[in-house]
1. Express in whole angstrom the spacing between the alpha-carbon centres of segment 156-190 and segment 287-319.
2. Distance in nm between label sites at Arg167 and Gln384, each 7 Å beyond Cα in the beta-carbon direction?
3. Which links in Lys231/Lys280; Lys231/Lys291; Lys327/Lys414; Lys221/Lys280; Lys280/Lys337; Lys119/Lys291 stretch past 19 Å when you go from one Cα to the other?
4. What number comes out for accessible area per residue over the chain if the probe is 1.4 Å? Units Å², please.
5. Suppose R0 equals 30 Å. What FRET efficiency, 1/(1 + (r/R0)^6) with r the Cβ-Cβ distance, do Val408 and His199 give to the nearest 0.05?
6. What is the extension gain from Arg182 to Lys34, computed as 0.36 nm multiplied by their sequence separation minus the C-alpha to C-alpha distance, in nm to one decimal?
7. Go ahead and estimate [θ] at 222 nm for the chain from helices alone: -39,500 (n - 2.57) per DSSP H run with n ≥ 4, summed, over the residue count, rounded to 500.
8. Starting from the amide H of Asn427, placed 1.01 Å from N in the peptide plane, find each other amide H under 5 Å away whose residue is 5 or more places distant or on another chain.
Amino acid sequence: MEIGIVGAGHVGLVTGACLAEIGHRVVCVDDDRKKIATLQSGGVPLYEPHLEALLGRNRAAGRLSFAERVEEGIGEAEVIFICVGTPALANGEADLSAVEQVARRIAETATGYRLVVEKSTVPVQTGRWIERTLAVYNGGLAKCDVASNPEFLREGSAVEDFLHPDRIVIGVGNARAEELLRALYAPIIDRTFRCPIHHPCVKRQPVPFLVTNIESAELIKHASNAFLATKISFINAMADLCERAGADVTAVAEGVGLDRRIGQSFLNAGIGFGGSCFPKDLQALVKIGEKLGYDLALLREVERINQSRAALVVQKLKDRLWILKGKRIGIWGLAFKPNTDDIREAPAFRIIQLLQREGAEVRAYDPKAMENARAQLQGVIFCQDPYEAADVAEALILATEWEAFKDVDLSRVKSRMKWPLFLDGRNFFAKETMRELGFEYIGMGR
Ligand code: UGA
């Protein structure tokens with residue numbers, strides 16, 4: 001099938017690379033000339049496991065190409081995915097101007113039948129606006145259907161999530177759109193593609209393919225993210241209660257999560273969630289609620305709990321170190337989570353800002369996100385490795401649970417610190433081991 005992808009960000013690139021991998025012919029378009037040049041010359045503008053290999057192989061096989069102009073992405077593509085950014089406006093609403101622009105360009109230039117699929121995370125009822133835009137700006141030659149096909153890709157495991165999804169959701173208005181998307185995803189639904197990441201790939205059940213109307217599909221995306229964020233804030237609230245009650249939140253989460261109706265995932269207490277999705281999507285959903293006359297106070301509280309985690313971390317330090325002014329604090333991890341160089345809304349940044357406001361000296365290390373962080377953070381000393389970040393420090397904060405931190409020689413770390421205070425913002429290390437090593441160990445809710 002011929003496919004056009006507009007927007008070569010994280011979602012667009014992963015979608016394009018994976019669809020090419022399962023046999024489609026894909027053109028990825030982005031108006032960022034530098035990004036397209038990088039991709040055309042074999043580079044990858046972001047870090048995502050497996051992506052580089054997939055891009056390289058499919059480009060070489062002639063199934064994947066990159067272009068700057070939307071028209072080139074439209075070309076002969078029967079299915080066009082809109083994967084452009086929908087950043088938050090100052091009032092929390094999603095900025096949909098890029099989505100509108102793309103719909104307009106498609107309407108003006110496409111000929112014949114096209115299925116326009118919204119994949120960017122958008123507020124419910126955006127599909128209706130895309131339909132209207134396609135109708136209003138139609139140059140007379142295009143006949144378009146609109147569908148919603150939300151993505152559930154996590155950064156750091158996006159390729160795996162795309163190829164082995166829990167479900168594929170499509171929102172459509174007619175049978176033709178449904179048939180097209182079913183055919184497009186057939187190799188993934190039936191597991192007939194050759195898996196590029198697992199050798200061998202275990203046999204799994206066919207993937208559930210859920211067909212709804214467009215509004216329901218749009219809401220499934222926002223509701224899923226909001227529910228996951230709620231789980232995190234819930235367990236963080238429990239963590240605070242555990243500290244007061246003498247309980248350990250990791251044990252509580254395990255016990256609660258063993259109930260199959262609840263499940264273990266997203267019950268890791270800590271410094272809270274970040275990234276380009278949860279914080280923005282929560283705000284956008286609250287705004288949609290307002291517009292539709294429903295107060296999502298529940299989600300406002302989820303956000304408030306999340307925002308207050310950074311201040312809690314700083315308070316924990318003050319409880320041990322008294323004055324933070326002039327004290328040296330090391331930070332392990334800057335990315336909003338492991339296996340990515342993405343620092344958007346990273347909890348580490350919220351903590352660093354507060355520490356700097358207190359007058360502390362911050363020294364940071366991250367295995368992948370240093371370059372991005374350098375461009376955003378002022379007054380922070382960036383270190384070569386985790387040891388340097390611990391040098392003569394009065395405290396170390398683990399903000400991102402990179403597996404690589406498990407390989408660090410903790411005795412060496414301790415011997416380099418001025419005061420062996422270790423604040424484990426992700427409950428990553430066993431507290432007994434840390435205490436045996438001589439650290440003054442503080443977790444989150446334990
Ligand atoms: C999230 C969703 O998990 C994806 O399904 C969705 O497709 C994506 O947003 C999106 O809308 O595009 P992502 O933002 O990549 O994916 O990251 P997550 O793995 O969900 O983690 C989000 C944040 O929650 C991270 O800061 C992580 O550290 C934090 N988190 C996660 C916790 O604090 N505790 C947990 O138990 C789990």
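The values are calculated or read from the model by the stated rules, or taken from the named source; none is laboratory data. Note that the structure is a prediction, hence the values are computed from the model and not measured. Note that we place each Cβ from the backbone using ideal geometry, even for glycine, and neighbour counts take in every protein chain shown. These area figures cover heavy atoms from the full protein model, side chains too; ligands, DNA and RNA do not enter into them. Shrake-Rupley method; radii C 1.70, N 1.55, O 1.52, S 1.80 Å.
1. 33 Å
2. 5.1 nm
3. Violating the 19 Å limit, Cα to Cα: Lys231/Lys291; Lys119/Lys291.
4. Accessible area per residue, the chain: 45 Å².
5. With a Förster radius of 30 Å, E is 0.50.
6. Working it through step by step, the gained length comes to 49.8 nm.
7. About -13000 deg cm²/dmol.
8. Amide H neighbours of Asn427, under 5 Å, 5+ apart: Met444.
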